[in-house]
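Student: Supplied in structure tokens, the structure appears directly below.
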There are 2 protein chains.
Amino acid sequence: MVDIELKPIGVIHSPYATKEETPIQGVFRPDVTGWVELFPEFAEGLKDIEMFSHIYLIYFFDRSGPVHLVRPMLLDDQPHGVFASRYPARPSGIGLTIVQFMKREANRLEVAGIDILDGTPLLDIKPYVRRFDLFPDAGEGWFTGKPERPKPPGRE
Amino acid sequence: MVDIELKPIGVIHSPYATKEETPIQGVFRPDVTGWVELFPEFAEGLKDIEMFSHIYLIYFFDRSGPVHLVRPMLLDDQPHGVFASRYPARPSGIGLTIVQFMKREANRLEVAGIDILDGTPLLDIKPYVRRFDLFPDAGEGWFTGKPERPKPPGRE
């Protein structure tokens with residue numbers, strides 16, 4: 001199977017300059033806002049984005065460390081598989097966050113609940129649609145009952 | 001900003017050999033099952049995936065057509081921006097589906113609610129976590145009230 005080449009469509013701007021201060025998940029800092037900047041040649045593709053309350057940001061973890069398929073996690077010191085986790089250092093390097101859409105100014109979107117390092121390359125935006133994406137009976141696996149905590153040293 | 005090279009981590013197997021028969025969203029065929037096959041070198045990263053009821057599949061639309069930034073959609077004949085849609089032909093080519101986890105057999109996962117063409121390259125798997133991913137107040141934008149329908153000719 002061949003390699004796939006992706007070109008970023010923009011850049012994510014956030015208040016987070018370091019991994020240490022970046023929250024583990026956006027829901028832990030729902031009020032923190034950032035700006036999603038699309039390169040101007042893609043701005044037309046934002047038509048009607050204002051109709052949605054929440055959007056998916058798909059991005060590239062450009063500063064993640066070495067990939068381990070099984071490892072202790074940010075919210076648990078027990079080792080889990082990387083595909084049973086949201087850990088940033090993963091084979092694809094692809095990150096996924098659901099943020100609240102606040103407003104659009106031309107090729108820039110203000111969003112809330114961001115958990116992404118400033119300057120992260122943006123790969124895609126998709127609307128979060130209640131009918132397609134809400135699974136109220138879904139579980140939480142090993143995340144169940146794990147409270148937020150500072151990132152353990154040596155993890156990211 | 002440089003290009004990003006991605007290597008697939010596996011292949012998605014489904015009953016859908018053509019775009020015409022592939023449902024527009026997985027929730028329209030919640031009982032249809034498929035198999036997600038990880039290449040053996042990544043199988044270790046599935047540890048504890050069985051703990052989750054739902055998972056995200058992130059994949060590459062390897063047979064999508066030409067990208068139009070604004071176009072009529074599968075569920076609406078009005079034109080919308082590609083980033084305000086889940087349309088397959090998009091600048092990144094990245095697809096996202098939430099499926100129900102059924103069972104694991106070594107490096108293969110059986111999943112339900114699949115809406116992906118057979119043979120699609122798999123890029124990543126992440127667990128769907130109720131606490132992180134459930135936004136019950138989210139809207140539906142232009143999808144509101146749009147019933148399922150056959151894919152209009154010339155779309156995919």
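Student: Express in whole angstrom the spacing between the alpha-carbon centres of region A:136-156 and region B:6-59.
Tutor: If we compute the Cα centre of each part, the gap is 24 Å.
Student: OK, next. Looking at chain A as a GNM with Cα springs under 10 Å, which of A:Gln100, A:Gln25, A:Gln78 has the largest mean-square fluctuation?
Tutor: Of the options given, A:Gln78 has the highest mean-square fluctuation.
Student: Right, here's the next one. Averaged across B:3-11, how many Cβ atoms of other chains sit within 10 Å of each residue's Cβ atom?
Tutor: Numbers: counts 4, 12, 5, 10, 6, 6, 6, 2, 1.
For this peptide, the per-residue mean of nearby foreign Cβ atoms is 6.
Student: Okay, which of region B:9-25 sit inside 18 Å, backbone N to the point 7 Å along the Cα-Cβ direction of B:Phe39?
Tutor: The answer is B:9-13, whose backbone nitrogens lie closer than 18 Å to the label point.
Student: Here's another thing I want to ask about it. Would you please calculate the Kirkwood hydrodynamic radius of the protein assembly as shown over all C-alpha pairs and express it in Å, rounded to one decimal?
Tutor: On the way: mean 1/r = 0.0512 Å⁻¹.
Computed over the protein assembly as shown, the radius equals 19.5 Å.
Student: If each label sits 7 angstrom from Cα along the C-beta direction, how far apart, in nm, is B:Val67 from its counterparts in the other copies?
Tutor: B:Val67 label point versus its equivalents elsewhere: 2.2 nm.
Student: Run the numbers for B:Lys19 and B:Glu50: contour at 0.36 nm per residue of separation, minus the present Cα-Cα distance, in nm. Please report the intermediate quantities before stating the final value.
Tutor: Numbers: separation 31, 0.36 × 31 = 11.16 nm, distance 3.00 nm.
Gain in length upon complete extension: 8.2 nm.
Student: Tell me the distances, shortest first, between B:Arg108 and the same position across the other copies, using label points 7 Å along Cα→Cβ, in nm to one decimal.
Tutor: For B:Arg108, the other copies' label points sit at 5.1 nm, shortest first.
Student: Out of every Cα pair in region A:13-143, what percent are spaced more than 18 Å from each other? Mind dumping the intermediate values first?
Tutor: Numbers: 4891 of 8515 pairs.
More than 18 Å apart: 57 percent of the Cα pairs in region A:13-143.
Student: To continue, here is another question. Give me A:Glu5, A:Glu140 sorted ascending by neighbouring Cβ count inside 10 Å, so fewest comes first.
Tutor: In order of increasing Cβ crowding within 10 Å: A:Glu5, A:Glu140.
Student: Counting each pair of different Cα atoms once, what's the Kirkwood radius of region B:112-154 in Å, rounded to one decimal? Display every interim value, and only then the final one.
Tutor: Values: mean 1/r = 0.0688 Å⁻¹.
Evaluated on region B:112-154, it is 14.5 Å.
Student: Which of the listed residues, A:Ile94, A:Thr33, A:Ala84, is farthest toward the dipole's positive end in region A:13-143, when Lys, Arg count +1 and Asp, Glu count -1 at the beta-carbon?
Tutor: Projecting each Cα onto the dipole axis, the largest value belongs to A:Ala84.
Student: Ordered shortest first, which distances in nm separate the 7 Å Cα→C-beta label point of A:Met51 from those of the other copies?
Tutor: List, nearest first: 3.9 nm.
Student: Another question about this same structure. Please state the relative contact order of region B:10-143 as a whole percent: Cα pairs under 8 Å, 6+ residues apart?
Tutor: Values: 252 pairs, mean separation 53.9, N = 134.
Relative contact order for region B:10-143 comes out at 40 percent.
Bear in mind that the values in this text are calculations on the coordinates, not laboratory data. Keep in mind that what you see is a predicted model, and the values were worked out from it rather than measured. Note: ideal-geometry Cβ built from the backbone for every residue, glycine included; neighbour counts use all protein chains shown.
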